[in-house]
């Protein structure tokens with residue numbers, strides 16, 4: 001007898017993924033769903049708390065990219081304390097935050113590529129799961145594993161120096177930052193013994209990108225053929241159209257590159273973006289209001305960012321960007337697995353920006369905070385490693401938060417992740433009654449391209465808690481595989 | 001001047017003026033006895049019991065007991081430390097103390113004592129009481145979730161006539177320390193700073209001060225509580 005499998009709500013980002021695949025009697029896939037069975041209460045329990053607690057409180061949403069939440073909240077509170085949006089901070093305040101953010105990007109992207117995704121490329125999607133993990137890489141390609149670990153460490157050290165702790169620090173405060181760097185700290189990052197210095201990180205980021213490119217050229221059919229579908233793309237861009245991960249205006253393009261959201265001020269995001277609720281998932285489905293639910297969904301993250309921006313404001317990454325754009329004739333790139341390619345270009349860009357910021361004397365300044373006339377409401381956006389992150393707060397006259405709305409990167413990618421899963425399922429499971437481990441990992445690979453928090457992240461590597469259920473049109477379970 | 005007397009703490013011979021409270025006498029001799037409700041310059045009440053020592057087989061609060069000639073005091077023993085640790089644990093479970101998002105973290109005496117006594121997790125069930133936050137003062141926030149009712153704010157923050165600006169309200173389980181409805185109107189930014197400094201936990205917060213003090217510069221970031229006393 002068939003039954004419905006339910007997984008109890010779990011915490012925000014270390015979430016369990018559940019995939020259901022509906023098949024008809026002829027074993028054609030008719031529907032695939034990625035269920036995010038997580039419940040987050042942050043928007044509720046931040047209510048009543050003093051507003052300056054938000055950057056420290058809400059970053060606990062995530063253990064991989066807490067800096068993104070920390071900074072998005074701080075940016076929203078910049079507006080509330082009258083420091084303006086983006087450009088109102090002191091040079092030291094803004095550059096310290098940027099350094100923190102790009103350090104975060106560097107470590108998070110390194111984590112994703114080396115620890116979470118590289119095993120699929122090195123050992124194959126249907127490779128032996130016993131070695132398809134970072135330990136397998138360490139055993140077979142130790143220099144690559146060391147590179148991944150040390151790149152992550154460098155990014156974490158940048159975060160520690162700017163936020164006070166590697167995870168869940170307190171650096172960004174409303175209107176600025178609570179510390180700057182000392183000369184000794186700057187010297188340590190610029191002139192530290194190999195490999196922990198900025199030059200080495202730029203070189204290693206370039207090597208990682210070269211590694212992926214050689215893999216891509218040898219496996220072009222697989223990479224290009226894996227979950228490829230047209231979509232809209234959304235991200236922040238700098239005023240001049242450059243890639244900017246910390247601040248900018250909201251831009252969206254369609255699959256052909258036509259501008260469908262024209263560099264709007266994100267303080268007004270509610271005029272342009274709505275969220276749809278579907279009964280089978282705790283995660284909402286955002287879309288561009290003027291295009292509607294069917295046509296207005298979009299992708300965020302590395303792929304989207306390199307589709308929306310006009311150029312990358314650092315020389316090595318720009319040169320790579322030009323090669324990357326040439327693959328699609330300058331048009332938006334809609335290949336899911338090119339997300340890794342784009343991510344590594346961003347990693348290189350982050351390393352270059354970190355090096356530039358460390359050479360900027362403002363990073364050691366002592367004018368840390370600016371404030372102005374207090375406002376009741378503020379919106380803060382950053383590009384988190386996995387995509388555009390929205391934080392929106394309203395306070396009362398006693399300085400307590402009365403409303404919070406967070407649209408996290410994963411939420412923005414909800415529809416495209418579902419579509420990716422559906423396409424993979426269609427391709428590999430049509431006509432199959434039995435699910436193999438390789439099939440399950442193919443679904444993981446599709447999800448993993450968007451968001452490592454959902455794939456396994458803080459769980460034991462290679463042990464993603466994924467559940468796949470094959471259900472026929474009478475809702476009878478044909479097969480079910482559970483992978484803890 | 002009072003006469004100097006001799007006494008022993010954990011077998012160590014000490015000297016202090018007659019009539020000195022044990023906690024202060026210990027401090028003068030480089031021995032740390034933890035306190036929470038006790039404040040220098042204010043008459044002690046022995047409310048929190050964290051300074052409990054054993055004298056002649058009896059548990060006594062060292063902030064309210066004067067030393068006497070020849071007194072034998074047991075302080076840093078397994079039994080006493082276990083008792084103090086359980087008091088810290090009880091304080092944690094009887095409120096809503098979420099250190100990760102508390103701006104007093106790193107400067108909080110309760111948190112510092114948790115570390116000092118190596119509290120990994122309380123052995124007692126959490127009470128999760130329903131507590132409120134009073135943010136109506138223009139200068140400070142009173143977060144009842146974190147109040148341990150030590151009375152330090154009541155004792156330390158007073159108006160020109162010596163009247164306390166903080167007061168008890170309600171009784172029993174509903175007892176709480178609040179800003180006095182009338183006298184509290186005299187609150188100033190300076191008094192708010194004094195109140196936050198007096199509060200050993202994160203119950204009294206000066207508005208918009210937030211996390212301005214970076215990690216690494218906070219009171220207990222680099223040395224444990226009691227380091228300024230112990231030799």
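If only one of B:171, B:158 is touching a helix residue (DSSP H, G or I) at 6+ places or on another chain (Cβ under 9 Å) and either within 15 Å of residue A:48 (Cβ to Cβ) or more than 14 Å from chain A (Cβ to nearest Cβ) (or both), which one is it?
Numbers: B:171 fails: touching a helix residue (DSSP H, G or I) at 6+ places or on another chain (Cβ under 9 Å).
B:158 is the lone residue from the list that is touching a helix residue (DSSP H, G or I) at 6+ places or on another chain (Cβ under 9 Å) and either within 15 Å of residue A:48 (Cβ to Cβ) or more than 14 Å from chain A (Cβ to nearest Cβ) (or both).
Kindly evaluate residue B:182 against the criterion of being more than 14 Å from chain A (Cβ to nearest Cβ) and in contact (Cβ under 8 Å) with a residue 60 or more places away in the chain.
Working: more than 14 Å from chain A (Cβ to nearest Cβ): yes; in contact (Cβ under 8 Å) with a residue 60 or more places away in the chain: no.
Criteria not met by residue B:182.
Among (1) in contact with a helix residue (DSSP H, G or I) (Cβ under 6 Å, 6 or more places away or on another chain); (2) within 14 Å of chain A (Cβ to nearest Cβ); (3) outside any loop (DSSP other than H, G, I, E, B), which single condition is residue B:153 missing?
(2)
Where residues in the stretch B:188-219 are assigned to a loop (DSSP other than H, G, I, E, B), within 14 Å of chain A (Cβ to nearest Cβ) and touching a helix residue (DSSP H, G or I) at 6+ places or on another chain (Cβ under 8 Å), which of them is farthest from residue A:49 (Cα to Cα)? First the steps, then the outcome.
Initially, the stretch B:188-219 is screened for residues assigned to a loop (DSSP other than H, G, I, E, B), giving B:188, B:199-203, B:207-219.
From what's left, within 14 Å of chain A (Cβ to nearest Cβ): B:202-203, B:207-218.
Among the residues that remain, those that are also touching a helix residue (DSSP H, G or I) at 6+ places or on another chain (Cβ under 8 Å) are: B:202-203, B:207-211, B:215.
Numbers: B:202: 13, B:203: 12, B:207: 12, B:208: 12, B:209: 14, B:210: 12, B:211: 14, B:215: 21 Å.
Among those residues, the one meeting the criterion is B:215.
Might you check whether a residue that is in contact (Cβ under 8 Å) with a residue 40 or more places away in the chain and under 18 Å from the mean Cα position of the chain (by Cα) occurs anywhere in the stretch B:4-22?
Scanning the stretch B:4-22, I find at least one residue that is in contact (Cβ under 8 Å) with a residue 40 or more places away in the chain and under 18 Å from the mean Cα position of the chain (by Cα), so the answer is yes.
Scan the stretch B:116-133 and tell me whether some residue there is in a helix (DSSP H, G or I) and either under 20 Å from the mean Cα position of the chain (by Cα) or at pLDDT 95 or above (or both).
Within the stretch B:116-133, the first condition is being in a helix (DSSP H, G or I), and the residues that meet it are B:116.
Add one more test, that the residue is either under 20 Å from the mean Cα position of the chain (by Cα) or at pLDDT 95 or above (or both), and what stays is B:116.
Yes, some residue in the stretch B:116-133 is in a helix (DSSP H, G or I) and either under 20 Å from the mean Cα position of the chain (by Cα) or at pLDDT 95 or above (or both).
Being over 21 Å from the mean Cα position of the chain (by Cα), within 14 Å of chain B (Cβ to nearest Cβ) and in a helix (DSSP H, G or I) is the filter here; which residues of the stretch A:163-215 pass it?
Selection gives A:184, A:185.
Return the residue satisfying two criteria in turn: it lies in the stretch A:222-248 and is in a strand (DSSP E or B) and in contact with a helix residue (DSSP H, G or I) (Cβ under 7 Å, 6 or more places away or on another chain), and of such residues it is nearest to residue A:417 (Cα to Cα).
Only one residue fits best here, namely A:233.
Scanning for something surrounded by fewer than 16 Cβ atoms within 10 Å (Cβ to Cβ) and either within 14 Å of another protein chain (Cβ to nearest Cβ) or out of contact with any helix residue (DSSP H, G or I) (no Cβ under 8 Å at 6 or more places or on another chain) (or both), does the stretch A:376-394 turn up at least one residue? Give the steps one after another, and end with the answer.
Filtering the stretch A:376-394 down to residues surrounded by fewer than 16 Cβ atoms within 10 Å (Cβ to Cβ) leaves A:376-377.
If we keep only those that are either within 14 Å of another protein chain (Cβ to nearest Cβ) or out of contact with any helix residue (DSSP H, G or I) (no Cβ under 8 Å at 6 or more places or on another chain) (or both) too, we end up with none.
Taking every residue of the stretch A:376-394 in turn, none turns out to be surrounded by fewer than 16 Cβ atoms within 10 Å (Cβ to Cβ) and either within 14 Å of another protein chain (Cβ to nearest Cβ) or out of contact with any helix residue (DSSP H, G or I) (no Cβ under 8 Å at 6 or more places or on another chain) (or both).
Just checking, does the stretch B:98-109 include any residue being in contact with a helix residue (DSSP H, G or I) (Cβ under 6 Å, 6 or more places away or on another chain), touching a residue at least 12 places away in the same chain (Cβ under 8 Å) and at negative phi?
Within the stretch B:98-109 (the criterion being in contact with a helix residue (DSSP H, G or I) (Cβ under 6 Å, 6 or more places away or on another chain), touching a residue at least 12 places away in the same chain (Cβ under 8 Å) and at negative phi), the answer is yes, since at least one residue qualifies.
Could you pull out the residue among A:130, A:138 that is at pLDDT below 95 and within 22 Å of residue A:64 (Cα to Cα)?
A:138
Taking the stated definitions as given, is residue B:211 modelled with pLDDT of 95 or more, in contact with a strand residue (DSSP E or B) (Cβ under 7 Å, 6 or more places away or on another chain) and closer than 30 Å to residue A:177 by Cβ? Reasoning before the result, please.
On the way: modelled with pLDDT of 95 or more: yes; in contact with a strand residue (DSSP E or B) (Cβ under 7 Å, 6 or more places away or on another chain): yes; closer than 30 Å to residue A:177 by Cβ: yes.
Considered against the rule, which asks whether it is modelled with pLDDT of 95 or more, in contact with a strand residue (DSSP E or B) (Cβ under 7 Å, 6 or more places away or on another chain) and closer than 30 Å to residue A:177 by Cβ, residue B:211 comes out as yes.
When the residues of the stretch B:72-109 are narrowed to those that are part of a helix (DSSP H, G or I) and within 14 Å of chain A (Cβ to nearest Cβ), which ends up surrounded by the most Cβ atoms within 10 Å (Cβ to Cβ)? Even if it seems obvious, please write down each step before you answer.
Restricting attention to the stretch B:72-109, the residues satisfying the condition of being part of a helix (DSSP H, G or I) are B:78-94, B:99-101, B:109.
Those still in the list that are within 14 Å of chain A (Cβ to nearest Cβ) too: B:99-101.
Numbers: B:99: 15, B:100: 10, B:101: 20.
Checking each candidate, the answer is B:101.
Would you say residue A:110 is buried (at least 24 other Cβ atoms within 10 Å of the Cβ), in contact (Cβ under 8 Å) with a residue 60 or more places away in the chain and more than 14 Å from every other protein chain (Cβ to nearest Cβ)?
On the way: buried (at least 24 other Cβ atoms within 10 Å of the Cβ): yes; in contact (Cβ under 8 Å) with a residue 60 or more places away in the chain: yes; more than 14 Å from every other protein chain (Cβ to nearest Cβ): yes.
In short, yes.
Which one of these does residue B:123 not meet: (1) out of contact with any strand residue (DSSP E or B) (no Cβ under 6 Å at 6 or more places or on another chain); (2) surrounded by 14 or more Cβ atoms within 10 Å (Cβ to Cβ)?
(2)
Are any residues in the stretch A:335-391 free of Cβ contacts under 8 Å to residues at least 60 places away in the same chain and either within 13 Å of the chain's Cα centre (by Cα) or closer than 23 Å to residue A:61 by Cβ (or both), and if so, which ones? Spell out how you get there, then give the answer.
Quick first cut of the stretch A:335-391, residues free of Cβ contacts under 8 Å to residues at least 60 places away in the same chain only: A:342, A:356, A:361.
The answer is A:342, and nothing else.
The values are calculated or read from the model by the stated rules, or taken from the named source; none is laboratory data. The structure presented is a predicted model; accordingly, all values stated were derived computationally and were not measured. A quick note on method: Cβ atoms are made from the backbone with ideal geometry, for glycine too, and the neighbour counts reach across all protein chains shown.
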